[in-house]
Amino acid sequence: MKNLSNGVPMIQSRDGPTRPAGDEQEHMDSKAHIQIRLISDPTYLCGVREMVASVARRLGFDDMDCSKISLALDEALCNVIRHGYAKAFDKPIWIGITPLEPEGKSPGGITIVIEDEAKKVDPCKIIGRHLEDIKPGGLGVHIIREVMDHVRYEPRETIGMRLTMSKRVVREENPPRLRDHLPGFARKGDAASKRV
Amino acid sequence: MHENETFLTVSEPSSGVVVISPSADVDMSRSPILRTAIQQSMNPKTSKVIVHLEDVGYMDSSGLATLVEAMRLGKSSNTSLVLSAMSPKVLAIFEIARLDSFFTIVDTLEQA
């Protein structure tokens, strides 16, 4: 169903808010391999965290990095809920996940895009607080920037904000192999060692 | 029963010592429950509050904020706050926020 608001065509969806026509196309990069829409209810953060950690594991990250990536996602979503939507728990959030192609020594990585319909904010004003000032709150942005390799906030074209963050898998030069930890196996080329 | 109703247990193994044991992730949806439990425990009769984190696999900055707030409350009420049995993944967020040296963190509940 369409009507006009200030000359802009509006779409009234059956189960959602009225939105500018064409806005659906704006949500999320259609090339994202995984696209999720959720409402801004903290109850669902655990499910999104587990899904992202699981995907990150399949993309080659170790357990600790998977945990940190899901932490960065969680912090970003909490900021949307807390600051963007002022703790309104029924607002839309979109998440897109895309793997990164291998580059240099990195076998790949992950890009996560989070979009909302909250008020636009000047990206220059989205900064973490000084850690020396120990007080409750205000750590989310610091954590996101600490965990992820690249973080970019930008206003979306019509309404809301977009956060794009990515992280690459880092491979050790000579990763330890399972056999290196097993008794009875020797490292190849180790003349002093022998199989027992 | 809603999962949040069984999110944590509170015990008093000895006089003046309260142990609060969350049993799941401490995130934005659950940290208010932890905050309330800590606030109720920190009274003039309590000398030490131990937050036992053995069953906590994940904590976000709302959990951190709750514990920073608890530390401040404890200083004003002369109640010490100890964190025990923290997993490496939970410790990582304390390190990222440079808060690992701000808290008293011990390996086991017995050490607390």
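The values are calculated or read from the model by the stated rules, or taken from the named source; none is laboratory data. Keep in mind it's a predicted model, so treat the numbers as computed, not measured. Every residue, glycine as well, gets a Cβ built from its backbone with ideal geometry; the counts of neighbours run over all protein chains shown.
Looking only at residues that are over 16 Å from residue B:77 (Cα atoms) and within 11 Å of chain A (Cβ to nearest Cβ) in the range B:27-37, which one is surrounded by the fewest Cβ atoms within 10 Å (Cβ to Cβ)?
B:32
Can you find, within the range B:72-82, the residue that is farthest from the other protein chains (Cβ to nearest Cβ) among those that are assigned to a helix (DSSP H, G or I) and surrounded by fewer than 19 Cβ atoms within 10 Å (Cβ to Cβ)?
Per the criteria, the residue is B:77.
Yes/no matrix, rows are residues, columns are (1) surrounded by 17 or more Cβ atoms within 10 Å (Cβ to Cβ); (2) in contact with a strand residue (DSSP E or B) (Cβ under 9 Å, 6 or more places away or on another chain); (3) within 13 Å of another protein chain (Cβ to nearest Cβ):
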position: A:69; (1), (2), (3): yes, yes, yes
position: A:83; (1), (2), (3): no, no, yes
position: A:101; (1), (2), (3): no, yes, no
position: A:106; (1), (2), (3): no, yes, no
position: A:118; (1), (2), (3): yes, yes, no
position: A:143; (1), (2), (3): yes, no, yes
position: A:150; (1), (2), (3): no, yes, no
position: A:155; (1), (2), (3): no, yes, no
position: A:168; (1), (2), (3): yes, yes, no
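Within the range B:1-40, work out how many residues are among the small types (Gly, Ala, Ser) and under 11 Å from the mean Cα position of the chain (by Cα).
3
Filtering the range A:128-141 down to residues that are among the hydrophobic types (A, V, I, L, M, F, W, C) and closer than 20 Å to residue A:87 by Cα, which residue is farthest from the other protein chains (Cβ to nearest Cβ)?
So the residue we want is A:141.
Could you go through the range A:55-67 and let me know if any residue there is modelled with pLDDT of 95 or more, touching a strand residue (DSSP E or B) at 6+ places or on another chain (Cβ under 7 Å) and either surrounded by fewer than 19 Cβ atoms within 10 Å (Cβ to Cβ) or away from chain B (no Cβ under 14 Å) (or both).
yes
Please count how many residues of the range A:53-79 are outside any helix (DSSP H, G or I) and either out of contact with any Gly (no Cβ under 9 Å at 6 or more places or on another chain) or among the hydrophobic types (A, V, I, L, M, F, W, C) (or both).
Residues flagged as outside any helix (DSSP H, G or I) and either out of contact with any Gly (no Cβ under 9 Å at 6 or more places or on another chain) or among the hydrophobic types (A, V, I, L, M, F, W, C) (or both) within the range A:53-79 amount to 3.
Take the range A:37-52 and flag every residue that is part of a helix (DSSP H, G or I) and crowded, with 20+ Cβ neighbours inside 10 Å.
Matches in the range A:37-52: A:42, A:45, A:49, A:52.
Would you confirm whether or not the range A:125-142 contains a residue that is under 17 Å from the mean Cα position of the chain (by Cα), among the small types (Gly, Ala, Ser) and over 30 Å from residue B:35 (Cα atoms)?
no
Does residue A:90 qualify as being of a type in the set (Asp, Glu) and not in a helix (DSSP H, G or I)?
yes
Considering only the range B:11-42, state which residues are over 17 Å from residue B:63 (Cβ atoms) and out of contact with any strand residue (DSSP E or B) (no Cβ under 7 Å at 6 or more places or on another chain).
Hits for the range B:11-42 are B:14, B:15, B:40.
Which residue is farthest from residue B:111 (Cα to Cα), if the candidates are limited to the range B:38-57 and must be within 14 Å of chain A (Cβ to nearest Cβ) and crowded, with 22+ Cβ neighbours inside 10 Å?
B:38
Away from chain A (no Cβ under 12 Å), outside any loop (DSSP other than H, G, I, E, B) and touching a residue at least 24 places away in the same chain (Cβ under 8 Å) - does that describe any residue in the range B:95-110?
Checked the range B:95-110: at least one residue is away from chain A (no Cβ under 12 Å), outside any loop (DSSP other than H, G, I, E, B) and touching a residue at least 24 places away in the same chain (Cβ under 8 Å).
Suppose the filter is surrounded by fewer than 16 Cβ atoms within 10 Å (Cβ to Cβ), part of a loop (DSSP other than H, G, I, E, B), in contact (Cβ under 8 Å) with a residue 24 or more places away in the chain and of a type in the set (Asp, Glu); does residue A:132 pass it?
No.
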